[in-house]
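Chemist: One structure is given below, represented as structure tokens, and several questions about it will come after.
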Amino acid sequence: AEDGIRDFCLSRGLGDVYKRQEYMGTVMKRVILGLVAINIANKRRQRDTIKMIPSQDTKQQGFDEYGNYYMSIEAMWQAEFNPETDVINKVGSKDNWYQKASDFWDKEEASIKGVLGGHDYLHEPDIRDSERFLLPFLKSQTIGNDRALDCGAGIGRVAQHLLMKHFKKVDLVDQCAKYIEEARRLLGNEPNIGEFYVAGLQDLQLKERYDLIWVQWVCIYLTDDDFVRFLNLSLIHI
């Protein structure tokens, strides 16, 4: 779960996302997810919202792989989406940003190997350590087990091998229609499978309340403002 990992190269090299995942890095990022989940729960109790605060951290300065230099993450977004800026291999617009990710995943096969970018050997250790992460929350009754939402669900890999074991109802959402179609074929007749949604998280609308919103290997594709919007949507529905 790589939620919250923001860098200067989000729009580039989408095919290398999984190649950059070291095993221990995945575990540590799951800890970040846990902290985000706890923070969302606290914010909900306070009836507050999550806001994006521009950072003054000079460590955010840097170059991307094309030699473009940015003073901050905010400056990167402004330059990438401004048609008048001189940026090499510029994304150009938010629509282009999301279309690039969509085009990449539309070409991948609807299988565990496909949704893991060819790295299907990650499946078993990922499910094992995801369960290790999840169980303490369930056993301590920090969260309930009535309904879960699998975001960026793909063909239902995490839903089938993890979430369905622990929740009475599981909904799935993914922007790739062929993945959701395959998930429906594999899992549609299971009694604890709920709704299937074809949508990107940037456009997601929810109607249910969830004990768990599972977000894995997908927030990296959101722009920062859409990431904050998604967190606030989760705040309302968790």
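Chemist: Could you count how many residues in the stretch 123-160 are of a type outside the set (Asp, Glu) and under 18 Å from the mean Cα position of the chain (by Cα)?
Modeler: Qualifying residue count for the region: 17.
Chemist: Something else now. Mind checking whether some residue in the stretch 75-94 is free of Cβ contacts under 8 Å to residues at least 12 places away in the same chain, within 28 Å of Glu181 (Cβ to Cβ) and among the acidic types (Asp, Glu)?
Modeler: no
Chemist: For the stretch 64-95, which residues satisfy the criterion of being part of a helix (DSSP H, G or I) and either among the hydrophobic types (A, V, I, L, M, F, W, C) or open to solvent by 80 Å² or more (accessible area, probe 1.4 Å) (or both)?
Modeler: Ile73, Ala75, Met76, Trp77, Gln78, Ala79, Phe81, Asp95 - these are the residues of the stretch 64-95 that are part of a helix (DSSP H, G or I) and either among the hydrophobic types (A, V, I, L, M, F, W, C) or open to solvent by 80 Å² or more (accessible area, probe 1.4 Å) (or both).
Chemist: To continue, here is another question. Any chance you could count how many residues in the stretch 204-229 are touching a strand residue (DSSP E or B) at 6+ places or on another chain (Cβ under 8 Å) and without any contact (Cβ under 8 Å) to a residue 60 or more places away in the chain?
Modeler: Residues that pass the stated criteria total 2.
Chemist: Also: Here is a check on your reading of the model: is Gly118 closer than 19 Å to Gln99 by Cα and either free of Cβ contacts under 8 Å to residues at least 60 places away in the same chain or surrounded by fewer than 17 Cβ atoms within 10 Å (Cβ to Cβ) (or both)?
Modeler: no
The values are calculated or read from the model by the stated rules, or taken from the named source; none is laboratory data. Predicted model, so just to flag it, every value in this text is computed and none were measured. Cβ: placed from backbone, ideal geometry, glycine included. Neighbour counts: every protein chain shown. Accessible surface areas use protein heavy atoms only, side chains included; no ligands, DNA or RNA. Shrake-Rupley method; radii C 1.70, N 1.55, O 1.52, S 1.80 Å.
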